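Report on the following structure.
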Amino acid sequence: MADNWFVHLWQKQRFKVLTIGASLYVLLVLIFLISHAIAPQRVGLLALAGIFAPYLFAPLALLVPFLFLRFTALLRIAFAIGVILFSLCFSPRLGTGSAQSIEGGRTITAMTWNFLGDNTRGGYVRQLINTHHPDLIALQEADWNGIDEAQDILRQYPYHLYGSGEAPPGEVLLSTLPILDHGQVTAPDGSRSVWDIPRILWARLDLGHGQTLLVVNAHPISSINTVYGCLFCPQRRDSQVKALHQFLQPFIQHGERLLMLGDMNTTDREPAYQDLSAGLQDTHLLVGKGSGHSWGIRGLNQYWAFLRIDYMFVTPKVKPLNLDTDCTSRGSDHCVLIGKFST
């Protein structure tokens, strides 16, 4: 009898400790989210925690087996508060991409993908072309030799930029629209204090009827493991994002049609995102669906990509109609973004 009493008491106290621990954890997460919203950090562990903030709620899943037991009413409340907090802060978008096109405007389809591979996977690009028929393709970490060998793709996209002298390393721009002018963003003095290598390719496309579209294929440096001995050091990435912002400002202020796309190596939960998106519209926020996460582990992205670091940004004269984030497994750790726009 005494043994049963002891076991009963231990079970009640155990759930009490679990309830207190869960409640404190939810409270700490709430305090962190509030502090991150008020004063987001650019460097350090708090900045890294901000990037992975949605996953701070993952430990609450460990509580699920205990929620159906007796003496766990307070534990259920703590769990419910955590679920509500997560839903308010990080619930996926339910957009349908049903925006109306601009009357009399031209509709174009654009695709961006960090290819992260060689020409042995060129068949994936062909599949995407045959499925989505994009007018414009921006690739990062692509293999120029593979592009050279893909003569059928080059014929389909007669206006293209890639290779030394035309594009930054690994970047490709394929277009069915004529390219009127193009260039790269580099330091005026040729130094590498900001740009370790050229990372921004821009091209002005002819839309016809005297209208043009400025396309910017961007790929700032990663903040992970790019500085010796430092896991997360975003300072150089942030400097490149600010330099990109400065390059874009004259075009934004003049009200030009502009589409910037690519692998930005920046999540939307970092201060650098505000620098990146200033004066621009985030297509995913307007017409995207789901989380928009576009980067993760190869083979797992089709189930769940971890972070959103690939984007399409536009100025007001370019109206987003739809954006799909295609995470079908294709050998890269990035998903493909396909956007439709009215110009």
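None of the figures in this text is laboratory data; all of them are computed from the coordinates on show. It should be emphasised that the depicted structure is a prediction, and the values quoted were computed from it without experimental measurement. Cβ placement follows ideal geometry from the backbone for every residue including glycine, while neighbour counts extend to all protein chains displayed.
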How do 91, 294, 222, 35 line up, fewest other C-beta atoms within 10 Å first?
91, 35, 222, 294
Sites residue 37 and residue 222 - FRET efficiency at Förster radius 22 Å, r taken between beta-carbons, to 0.05:
0.30
Estimated FRET transfer efficiency (residue 27, residue 274; beta-carbon r; R0 25 Å; 0.05)
0.35
How about segment 59-91: which chymotrypsin sites (Phe, Trp or Tyr not before Pro) there are in a DSSP loop, with at most 12 other Cβ atoms within 10 Å of their Cβ?
68
Quick one: compute the contact order of the chain, relative version, from alpha carbon pairs under 8 angstrom and 6+ residues apart, as a percent.
18 percent
Just the Kirkwood number for segment 219-271, please: inverse of mean 1/r across all distinct Cα pairs, in Å, one decimal.
12.4 Å
First select every other residue whose beta carbon is under 15 angstrom from the beta carbon of residue 232; then total the charges, Lys and Arg +1, Asp and Glu -1.
+2
Translational diffusion coefficient (Stokes-Einstein; Kirkwood radius from C-alpha pairs) of segment 2-91 at 20 °C, 1.002 mPa s, in µm²/s:
147 µm²/s
Any cysteines in the chain with zero other Cys Cβ atoms under 4.7 Å from their Cβ? List them, or say none.
89
I'm checking a number: the convex hull volume of the Cα atoms of the chain, normalised per residue, in Å³. What is it?
170 Å³
Distance-filtered residues of segment 288-310 - backbone nitrogen under 18 Å, label point 7 angstrom along residue 231 Cα→Cβ:
296-297, 306-307
Relative contact order (percent, whole number), segment 209-343, Cα cutoff 8 Å, 6+ residue spacing:
23 percent
For the chain, size of Cβ-based charge dipole, Lys and Arg +1, Asp and Glu -1, in debye
1420 debye
Name the chymotrypsin sites (Phe, Trp or Tyr not before Pro) in segment 270-343 that are in a loop by DSSP and that have at most 10 other C-beta atoms within 10 Å, would you?
303
Efficiency of FRET from Cβ geometry, residue 149 and residue 176, R₀ 30 Å, rounded to 0.05:
0.90
Between residue 209 and residue 329, how many nm apart are label points set 7 Å from Cα along the C-beta direction?
4.6 nm
Rank these for me by crowding, 335, 230, going from fewest to most other beta carbons within 10 Å.
230, 335
Out of residues 5 or more away from residue 257 or on other chains, whose amide H comes under 5 Å of its own, with H placed 1.01 Å from N in the peptide plane?
214
Taking Lys and Arg as +1 and Asp and Glu as -1, residues besides residue 169 with C-beta under 13 Å from its C-beta add up to -4
Whole angstrom only: what separates the Cα centroid of segment 179-250 from the Cα centroid of segment 272-330?
18 Å
Which one, 130, 164, 145, projects farthest toward the positive side of the charge dipole computed for segment 94-342 from Cβ point charges (K/R +1, D/E -1)?
130
